[in-house]
Amino acid sequence: LVLTSHSMDECEALCTELAIMVYGRFKCYGSCQHIKSRYGAGFTLLVRLRRREDAERVKSAIQRSFPGANLKEHHLLQLNYELQKRPGMTWSLLFDKMEELSREFDFEDYSLSQTTLEQVCLATNYELLSSSIKCTVKKPVPAL
């Protein structure tokens, strides 16, 4: 049975294996977990603070604990980071570091999650678009 969809949540719920197709070509194929592990950027970290005044100190601590962490959003008491995959980075290491930070800053809560299929699909499309867009200027257009 072949199912086509633009909803990655739907695909993850209904499929045992899937393929991501971009411009009529298969870019990746495998189980949902395989695709997220192999092609995903890493992890998503969401931190909810108790006190607004802790925000800058928490940002610095996260950068020290997770070099290369990319702050995607900061809204009031919520910080949303993308953590790049690195050799030796395991779930237990991520949670150990976050528990240390949580004790130090008394977070409201935090969550760690794997890159979603939606993010993998968007990144695959973006990568292909970026590499296929070429701009060449053969002759300047004369001014009127």
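Nothing in this text is a laboratory measurement; each read-out follows from the coordinates by a stated rule. Computed from a predicted model, the values in this text were never measured in an experiment. All Cβ positions, glycine included, derive from the backbone under ideal geometry; neighbour counts span all protein chains shown.
Count the lysine pairs in the chain whose Cα atoms lie under 23 Å apart, taking only pairs 8 or more positions apart in sequence or on different chains.
Within the chain, the lysine pair count is 12.
Only counting other Cβ atoms within 10 Å, I'd like D106, D54 sorted with the fewest neighbours first. Intermediate results must be reported in sequence, preceding the final value.
On the way: D106 11, D54 17.
Least crowded to most crowded, the residues run D106, D54.
Quick one: compute a quarter of the convex hull surface over the Cα atoms of the range 40-118 and quote it in nm². Kindly include the intermediate steps, with their values, before the conclusion.
On the way: hull surface 19.8 nm².
Answer in nm², one decimal: 5.0.
If you rank Y29, Y23 by fewest surrounding Cβ atoms within 10 Å, what's the result? Intermediate values should be presented prior to the final figure.
Values: Y29 12, Y23 9.
Lowest to highest Cβ neighbour count: Y23, Y29.
Going by how many other beta carbons lie within 10 Å of each one, how would you line up I35, I62, fewest first?
Details: I35 25, I62 21.
Taking fewest neighbouring Cβ atoms as first place, the list is I62, I35.
Under a Cβ-only charge scheme (Lys and Arg +1, Asp and Glu -1), can you give me the dipole magnitude of the chain about the Cα centre, in debye to the nearest 20? Intermediate results must be reported in sequence, preceding the final value.
Details: 19 positive and 18 negative charges, 182 e Å.
That gives the chain a dipole magnitude of about 880 debye.
Per 0.36 nm of contour for each residue apart, how much would the distance between S113 and R57 grow if the chain were fully extended, relative to their Cα-Cα spacing? Walk me through the intermediate numbers first.
Numbers: separation 56, 0.36 × 56 = 20.16 nm, distance 2.28 nm.
Using 0.36 nm per residue and subtracting the Cα-Cα distance, I get 17.9 nm.
Evaluate Rg over Rh across the chain, taking Cα atoms for both radii and Kirkwood's formula for Rh. Kindly include the intermediate steps, with their values, before the conclusion.
Values: Rg = 20.0 Å, Rh = 17.9 Å.
Value, to two decimals: 1.11.
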